[in-house]
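The values are calculated or read from the model by the stated rules, or taken from the named source; none is laboratory data. The shown structure was predicted, so the numbers you read here are calculated from the model rather than taken from an experiment. Cβ placement follows ideal geometry from the backbone for every residue including glycine, while neighbour counts extend to all protein chains displayed.
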Amino acid sequence: STLAPIHQLLIIPGGGPFADVVRENYLKFSLAEEVAHWMAILGMDQYGYLLHDLTPGSVPVRSLREAAEALVAGKLPILLPFQLLSLLNPLEHSWRVTSDSLALYLATQVEAEMFVLLKDVDGVYTSDPKKEKGAKFLDRVEGEKLSSYACLDEYFATLWQERIKKGKKIACWLISGLHPQRIEELLLRGSTLGTEIL
């Protein structure tokens, strides 16, 4: 949170364990994808509250205006996206779209200079490093080739290509959220251990 006022950070939470519960109930009760979509986004709100409680100097916000006000006040805004996304309703309602694509969409809306996805691995690998010892780490990946790897949702590559066609370039990295110092290094030096998406 100490980096927020300097770098104008905005946290967009993933669904985390709350989205996992939605997936379980989606299968258990044969829920409609439309219903599961909004339940999973509510899970992002819940995870946002969890992050807020664990992060000193943070504040939960529900709009881009509130996020801007939080930054002016020297706070780290954590966007609870349900309200905003229910108004904009930008992407298809399916499991092809997860918090990965939703976060990229929202980063586009705020015209972010850099978009950083935090995962539980160092970056993009040729295969799942938790399942295959021979998985090779990739320090750079072209956005249109992301669909070849299982690290992001299915729609992310499509959304990335749409951005490129519109000339909306953004620096994008996938790094491990288990090593917070890498976030600081990336912001200060422009690179770190992780995968740069081109």
*If you go through the stretch 163-186 one residue at a time, how many are of a type in the set (S, T, N, Q) and over 17 Å from the mean Cα position of the chain (by Cα)?*
1
*Taking F137 as meeting all but one of (1) closer than 29 Å to E34 by Cβ; (2) over 18 Å from the mean Cα position of the chain (by Cα); (3) touching a residue at least 12 places away in the same chain (Cβ under 8 Å), write down the number of the exception.*
(1)
*When residues of the stretch 59-83 are limited to those that are assigned to a helix (DSSP H, G or I) and crowded, with 20+ Cβ neighbours inside 10 Å, the one farthest from the chain's Cα centre (by Cα)*: A70
*What is the number of the single condition among (1) without any contact (Cβ under 8 Å) to a residue 12 or more places away in the chain; (2) farther than 26 Å from F115 by Cβ that V21 does not meet?*
(1)
*asked:* Among (1) within 23 Å of G16 (Cβ to Cβ); (2) surrounded by fewer than 17 Cβ atoms within 10 Å (Cβ to Cβ); (3) among the aromatic types (F, W, Y), there is one condition W173 misses while meeting the rest; what is its number?
replied: (2)
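Out of the residues in the stretch 27-40 that are without any contact (Cβ under 8 Å) to a residue 12 or more places away in the chain and not in a loop (DSSP other than H, G, I, E, B), state the one that is nearest to A107 (Cα to Cα). Show your work before the answer.
Keep residues of the stretch 27-40 that are without any contact (Cβ under 8 Å) to a residue 12 or more places away in the chain, which gives 27-32, 35.
With the extra rule that they be not in a loop (DSSP other than H, G, I, E, B), the set shrinks to 27-28, 35.
Values: L27: 31, K28: 33, V35: 24 Å.
Among them, the one singled out is V35.
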*Pairs under 8 Å by beta carbon, first residue in the same structural domain as A32 (by TED's automatic domain parsing) in the stretch 82-94, partner aliphatic (A, V, I, L, M) and assigned to a loop (DSSP other than H, G, I, E, B), six or more apart or different chains?*
L91/V97
_Test set (1) buried (at least 16 other Cβ atoms within 10 Å of the Cβ); (2) assigned to a helix (DSSP H, G or I) - Q161 fails condition number_ = (1)
*Can you spot a residue in the stretch 31-44 that is closer than 21 Å to E154 by Cα and charged (D, E, K, R)?*
yes
*asked:* Tell me yes or no: at least one residue of the stretch 117-133 is without any contact (Cβ under 8 Å) to a residue 60 or more places away in the chain, in a helix (DSSP H, G or I) and buried (at least 17 other Cβ atoms within 10 Å of the Cβ).
replied: no
*Within the stretch 140-157, work out how many residues are free of Cβ contacts under 8 Å to residues at least 24 places away in the same chain and buried (at least 17 other Cβ atoms within 10 Å of the Cβ).*
1
